[in-house]
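The values are calculated or read from the model by the stated rules, or taken from the named source; none is laboratory data. Here the structure is a predicted model, which is why all the values come from computation and not from measurement. Note: ideal-geometry Cβ built from the backbone for every residue, glycine included; neighbour counts use all protein chains shown. Heavy atoms of the whole protein, side chains included, go into the accessibility calculation; ligands, DNA and RNA do not. Shrake-Rupley method; radii C 1.70, N 1.55, O 1.52, S 1.80 Å.
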Amino acid sequence: MPASPRARSPLDPPRSFRVIRAVFLTLLAGFVLLPVYVMVTSSLKPLEDVAGEFRWIPSGLTLRPYIDIWHTVPLAKYFVNSLIVAGAATVCSVVIAVFAAYAVSRYRFRGKRLFTVTVLSTQMFPGILFLLPLFLIFVNIGNSTGVALYGSRGGLILTYLTFSLPFSIWMLIGYFDSVPRDLDEAATVDGCGPLGALFRVVIPAAVPGIVAVAVYAFMTAWGEVLFASVMTNDTTRTLAVGLQGYSTQNDVYWNQIMAASLVVSIPVVAGFLLLQKYLVAGLTAGAVK
Amino acid sequence: MTSAPATLPPDTAPGRRQRGTAARVRRPGRPPRPGRLRRGALPYLLLLPALLLELLIHLVPMAMGILMSFRELTQFHIRDWSSAPWTGFDNYALAVDVNRPVGEALLGSFLTTCLFTLLSVGLCWLLGTAAAVFMQETFRGRGLLRALFLVPYALPVYAAVITWAFMFQRDNGLVNHVLHDQLGLGGAEHTFWLLGDNSFWALLTVSVWKGWPFAFLIVMAALQNIPKDLYEAAALDGAGIWQQIRRITLPSVGAVNQVLILVLFLWTFNDFNTPFVLFGKSAPEAADLISIHIYQSSFVTWNFGTGSAMSVLLLLFLLLVTAGYLLLTTRGRRDADAR
């Protein structure tokens, strides 16, 4: 292989280093890919095959599980529920966080430190801490006013903001800080109001960051289990809970579970790989600083 | 969340007014200073939706959680929690009394979580750092491998963990098939992985699988900031690759490690999703992480008062550890700077 222009050192790494690197990275790749292999192959196996002893190679390939998953449980409904809840939580937290992060990044005001410290600390609190009170608040609001928050999609979206909002605010502060102040100052000199500067200069300049935050918020909401398992009912159940429906008292339809897992993973994994560049830059910008 | 669109339009109006006053103040030839463009109401108006929501989803529930922990809150009082009898510190006494079953179980779960977190964070950090260091240099297939390594991070937790649960099945799982049938380890009798003491190792495997790519990402980003000249200079001075890694690469990761390890610690310690999908509502004793334990104490045995007391204790512990850790690491950094 010709030495690339970005070669790190003028000397090529010795053979021993390359061998160790190859062995380590191969083993690690194997570890990472093992469940993916199991997921893909098992999703194409007939039921007899997944019910018995594990086989590396399926005895016969079938697309049957991919058809059956939609009937065994109302997967499409769970899919739509997950989409609505994760989508709404993402939009709400990003929109609200844009304004908050702009204020923190561009203004000095009393209580700024208190606000940022609160946001940062709520981000590290366990979800279980908020689950109990929110559950009781929802139940009590439902009893006293008749507004059914418990079990509703709106209630679930609200609980998802407990983790997506602090995260979004925190990441966006970092992103807005990296947009040079001269830019929006120039815009204000040219006659933009502060919000004009936000919409015309800061937001466009921070688009990669906003995309990263949105993708991350969506991913976390899509994969959330704790709130979904307590705060949903039959009609509002999300994929996280719905996937449990493939195990019945008599049978566990492992091939269908694997097929459904693959189907629900595809949107987020595809989105992640497409936007990986922004997401990685966004996540690391905050941590590396 | 309905408050968000409702409060946004008013932001615009005071914002414009604010601009007018600021322009007037600036007129006597004072140049605008960064960060002090304008003061007054505007930042608060921008913050208003976030403040309201923070209040609604964090501060009120936390205050309520603390109040709940002083009450005997069982399923009979769910409909109106404020009518539950006030019991003072009884719930706390119950939670920390290691001579009675509740306290004993909580302590066991806490110690399990500590050990689990220590091992998981350590392994995640080790794997992530090693992979990032090995992949610092370009080689064929590096981009593909990088994308592949991020897959556990991108997969929804329940989809990934449910696959691991399948692999850990006693009779039709891959793990037992490989260990017992193909490698002949541990005798012919298949092992239970999701029950009993082995469940700890099953949970640890899944946790590391899921968690290490984050360490990999962060360390990789940190490595990109190391100037290439450093390596060239070292190489010209005759330093081999291992020496370069030891003297240049690893020390440069130091500052990032502090944040990384704290974040990994908090995530792992608080993790609910992994054990819940792997084991269901009640985990085996050997893998009974604290989040699951509190969930079970509250939603399975329907004792919200005790569950709340446990949550508050957990929060206090996390705050203490975080504060102590930050104090230690920043002091260490300050000492290093002073030197």
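Screening B:Gln136 with (1) outside any loop (DSSP other than H, G, I, E, B); (2) within 29 Å of the chain's Cα centre (by Cα); (3) surrounded by 15 or more Cβ atoms within 10 Å (Cβ to Cβ) gives one miss only, at (1).
Residue-level check: of (1) assigned to a helix (DSSP H, G or I); (2) modelled with pLDDT under 85, A:Cys192 misses just (1).
Within segment B:313-339, the set of residues being at pLDDT 90 or above and either more than 12 Å from every other protein chain (Cβ to nearest Cβ) or under 15 Å from A:Leu136 (Cβ atoms) (or both) comprises B:Leu320, B:Gly324. Looking across segment B:246-261 at every residue that is open to solvent by less than 30 Å² (accessible area, probe 1.4 Å) and within 9 Å of chain A (Cβ to nearest Cβ), the one that is modelled with the lowest pLDDT is identified as B:Val256.
Of all residues in segment A:100-136, those satisfying the criterion of being at the interface with chain B (Cβ under 7 Å from one of its Cβ atoms), open to solvent by 20 Å² or more (accessible area, probe 1.4 Å) and in a helix (DSSP H, G or I) are A:Thr118, A:Met124, A:Gly127.
Considering every residue within segment B:198-209, establish whether at least one is closer than 28 Å to B:Thr112 by Cα, buried (at least 17 other Cβ atoms within 10 Å of the Cβ) and at the interface with chain A (Cβ under 7 Å from one of its Cβ atoms). Within segment B:198-209 (the criterion being closer than 28 Å to B:Thr112 by Cα, buried (at least 17 other Cβ atoms within 10 Å of the Cβ) and at the interface with chain A (Cβ under 7 Å from one of its Cβ atoms)), the answer is yes, since at least one residue qualifies. Annotation: A:Val207 fulfils all but one of (1) under 28 Å from B:Phe214 (Cα atoms); (2) open to solvent by 40 Å² or more (accessible area, probe 1.4 Å); (3) in contact (Cβ under 8 Å) with a residue 24 or more places away in the chain; the unmet one is (3). In segment A:52-72, the residues that are touching a residue at least 12 places away in the same chain (Cβ under 8 Å) reach residues that are part of a helix (DSSP H, G or I) and among the β-branched types (Val, Ile, Thr) with C-beta atoms within less than 6 angstrom, at least six apart or across chains, in these pairs: A:Pro58/A:Thr41.
In segment A:109-118, the count of residues that are of a type in the set (Lys, Arg), over 17 Å from B:Leu55 (Cα atoms), in contact (Cβ under 8 Å) with a residue 60 or more places away in the chain and in the same structural domain as A:Gly242 (by the TED database) is zero.
Can you give me the number of residues within segment A:17-48 that are over 13 Å from B:Met167 (Cα atoms), facing another protein chain (nearest Cβ under 9 Å) and not hydrophobic (A, V, I, L, M, F, W, C)? Number satisfying all stated conditions: 2. If you go through segment A:51-84 and keep only what is farther than 17 Å from A:Ser265 by Cβ, in a helix (DSSP H, G or I) and either open to solvent by less than 30 Å² (accessible area, probe 1.4 Å) or acidic (Asp, Glu) (or both), you end up with just A:Asp68.
Just for helices (runs of 4 or more DSSP H) wholly inside segment B:139-216: which have at least 3 residues that are touching a residue at least 12 places away in the same chain (Cβ under 8 Å) and of a type in the set (A, V, I, L, M)?
Output list reads B:157-167.
Within segment A:215-236, the set of residues being within 10 Å of chain B (Cβ to nearest Cβ) and outside any helix (DSSP H, G or I) comprises A:Gly223, A:Glu224, A:Val225. On inspection, A:Tyr175 qualifies as surrounded by 23 or more Cβ atoms within 10 Å (Cβ to Cβ), of a type outside the set (A, V, I, L, M, F, W, C) and farther than 19 Å from A:Ala88 by Cβ. Any chance segment A:209-220 includes a residue that's out of contact with any Cys (no Cβ under 7 Å at 6 or more places or on another chain), aromatic (Phe, Trp, Tyr), at pLDDT 90 or above and under 30 Å from A:Asp184 (Cα atoms)? Yes - at least one qualifying residue is present in segment A:209-220.
Going by the structure shown, is B:Ala160 open to solvent by less than 10 Å² (accessible area, probe 1.4 Å), at pLDDT 90 or above, more than 23 Å from B:Ala287 (Cα to Cα) and not β-branched (Val, Ile, Thr)?
no
Part of a helix (DSSP H, G or I), surrounded by fewer than 21 Cβ atoms within 10 Å (Cβ to Cβ), out of contact with any Asp or Glu (no Cβ under 6 Å at 6 or more places or on another chain) and modelled with pLDDT under 90: which single residue out of B:Ala221, B:Ala130 fits that description?
B:Ala221
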